[in-house]
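Quick note: the coordinates plus some simple rules give every number you see, no bench work behind them. Since the model is a prediction, treat every value here as computed from it, not as a measurement. All Cβ positions, glycine included, derive from the backbone under ideal geometry; neighbour counts span all protein chains shown.
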Amino acid sequence: MNGRFGKYGGRYIPETLMPAVQELDKAFHRYINTTRFKNELNALLKSYVGRPTPLTYCDSLSQKLGCKIYLKREDLAHTGAHKINNALGQALLARYMGKKRIIAETGAGQHGVATATAAAKLGLTCEIYMGTVDMERQKLNVLRMKLLGARVNPVSTGGKTLKDAINDALRDWTANVETTHYLLGSVLGPAPYPEMVAYFQSVIGKETRKQILAAEGRLPTAVVACVGGGSNAIGIFRSFLKDTAVNLIGVEAGGLGIPTGKHAARFADKKLGRVGILHGCMTYVLQDKYGQIYNTHSISAGLDYSAVGPEHSNLREMKRATYTFATDAEAIDALKLLSQTEGIIPALESAHAIAHVVKLSRKMNKNDIIIVNLSGRGDKDMGTIAKELGL
């Protein structure tokens, strides 16, 4: 692996970070091939995270929408989202490398909680960077991080969201590379991060493939996942890449609608979304006409990011995956639908994927199978949901 996905990816970083990234690259490819590391990680995933997570058939929703709908239940993993898979993998790798301090960025807070959790479990100190806008709308997760022993550093520059938190985390790493591992939360950043995060999240797709074959004896018609940076989507897509009959669909945050410019849909906005470099890699980035990074909007903090993972850019270019969007309003409607038909309250991020399934089902017949990666649960979003619904 050369750190590229077609023309996308790469390593666009200051010289001061190059030794740390090269050290990480070497350690990652070394340790993931050792029996000891694999056994230790698998034991944590089984006894601590609670893997494998279930594949749940949605009886009522399937009847309502007219096709077979399954949910891959990452919301049932420890800490409530898929983020724990990568956090534990990287934290364990950091310990193997002799790093005693972990830093991370977070938007929705789930990656921050997962990182703080992994650090506590493995005896590492932890600091989290989080935009003040996200801290306000994710107060519960901020409290959880602090309770787990992490220091939460507020970021009040720029749009005060995920992009700005990543900027501050990178500054910290530059100043403390010898003792610190930067635990990046998505399939973004300089190589080896996109490949490494995808590797740690690929457990989702491996389980899903086995589970759907056991349940139905065949592969699904479509696999749908929300896409911010895109780690939950890559995690489930990877096991189906060679199965060209399986449609892979990523759902971005359409915010208030593409024409408004208040969204985080890197692929859907032909005016603002184009190839650029952000946080160490080449991919699709929302930019103004001068090439300045465009501030995004989404009701879901975890999708509120200006770039998308480089592997997604390549899958789109190869026409192996397609990408669409759901608006804030559609996500809220989908969240209500799943909650009231199946008794499952999804995270607002995951609700974007459910929103697209509602549209997709209109083109399906009763025997078609759709699998949705339910990347997280909705507890963290109750404040936002209550405000939107007037509860």
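Treat each spin label as a single point 7 Å out from the Cα along the C-beta direction, and report the GLN340 to THR132 distance in nm.
Inter-label distance under the simple model: 3.8 nm.
If the viscosity is 1.002 mPa s and the temperature 20 °C, what translational diffusion coefficient in µm²/s does Stokes-Einstein give for segment 74-198 when Rh comes from Kirkwood over Cα pairs?
Values: Rh = 14.0 Å.
Stokes-Einstein gives a translational diffusion coefficient of 153 µm²/s.
Nearest 10 degrees, 0 to 90: what angle lies between the long axis of helix 162-175 and the longest principal axis of the chain (Cα atoms)?
The helix 162-175 is inclined about 20 degrees to the chain.
Rounded to whole Å and sorted largest first, what semi-axes of the equivalent ellipsoid does the C-alpha gyration tensor of segment 291-391 yield via the square root of 5 times each eigenvalue? Walk me through the intermediate numbers first.
Details: eigenvalues 111, 91, 23 Å².
Taking √(5λ) for each Cα gyration eigenvalue gives 24, 21, 11 Å.
I need the trypsin sites (Lys or Arg not before Pro) found in segment 77-130, filtered to DSSP loop residues with at most 16 other beta carbons within 10 Å of theirs.
Numbers: sites: LYS83, ARG95, LYS99, LYS100, ARG101, LYS121; in loops: LYS99, LYS100.
Counting only loop positions with at most 16 other Cβ atoms within 10 Å, the trypsin sites (Lys or Arg not before Pro) in segment 77-130 are LYS100.
How do the peptides 3-11, 167-175 rank, highest first, by the average count of neighbouring beta carbon atoms within 10 Å per residue? Could you put the intermediate results ahead of the total?
On the way: 3-11: 19.9, 167-175: 17.6.
The packing order, highest mean first, is 3-11, 167-175.
Would you list SER350, SER239 from fewest to most Cβ contacts within 10 Å? If you can, show how the numbers build up before the last one.
On the way: SER350 34, SER239 20.
With the sparsest Cβ surroundings first, the list reads SER239, SER350.
Roughly what angle does helix 83-97 make with the longest principal axis of the chain, taking Cα atoms, 0 to 90 degrees, to the nearest 10?
Around 20 degrees separate the two axes.
Tell me the Rg and the Dmax, in Å, that the Cα atoms of the chain produce.
19.2, 57
Would you work out the relative contact order for segment 114-248, in percent, from Cα pairs under 8 angstrom that are 6 or more residues apart?
Details: 161 pairs, mean separation 23.8, N = 135.
Relative contact order, segment 114-248: 18 percent.
Once both axes come from the Cα atoms, what is the angle between helix 18-31 and the longest principal axis of the chain, in degrees from 0 to 90, rounded to 10?
60 degrees
Exposure proxy check: TYR12, TYR182 ranked by fewest other beta carbons within 10 Å? Write down the numbers at each step before the final one.
Values: TYR12 14, TYR182 26.
Fewest-to-most Cβ neighbours within 10 Å comes out as TYR12, TYR182.
Fewest Cβ neighbours within 10 Å first, please rank TYR31, TYR199, TYR193 accordingly.
Working: TYR31 17, TYR199 21, TYR193 30.
Going from least to most buried by this count: TYR31, TYR199, TYR193.
Rounded to the nearest 0.05, what FRET efficiency do ARG151 and GLU40 have when you use their Cβ-Cβ distance and R0 = 25 Å? Please list the in-between numbers first.
Details: r = 27 Å, r/R0 = 1.06.
My answer for the efficiency is 0.40.
Counting only C-alpha contacts under 8 Å and six or more residues apart, can you give the relative contact order of the chain as a whole percent?
Here the relative contact order equals 21 percent.
FRET efficiency for SER47 and TYR290, Cβ-Cβ distance as r, R0 = 56 Å, nearest 0.05?
Between SER47 and TYR290 the formula returns 0.60.
So, in nm, how far is label LEU391 from label THR179 when the simple model puts each one 7 Å beyond its Cα toward the Cβ?
Distance between label points: 4.4 nm.
Can you tell me which of 275-288, 51-64 comes out highest on packing, and rank the rest after it, using the mean Cβ neighbours within 10 Å? Walk me through the numbers before you get to the answer.
Working: 275-288: 21.1, 51-64: 17.2.
By packing density, highest mean first, the sequence is 275-288, 51-64.
Within the set of other residues whose C-beta is less than 15 Å from the C-beta of ASP379, count the net charge using Lys and Arg as +1 and Asp and Glu as -1. Walk me through the intermediate numbers first.
Values: positive: ARG73, LYS83, ARG137, LYS139, ARG144, ARG377, LYS380; negative: GLU74, ASP75, GLU349, ASP381.
Result for the neighbourhood of ASP379: +3.
Full extension from ILE277 to GLU23: what is 0.36 nm times the residue separation minus their Cα-Cα distance, to one decimal in nm? Mind showing how you got there, number by number?
Numbers: separation 254, 0.36 × 254 = 91.44 nm, distance 2.25 nm.
Extending this stretch completely gives an extra 89.2 nm.
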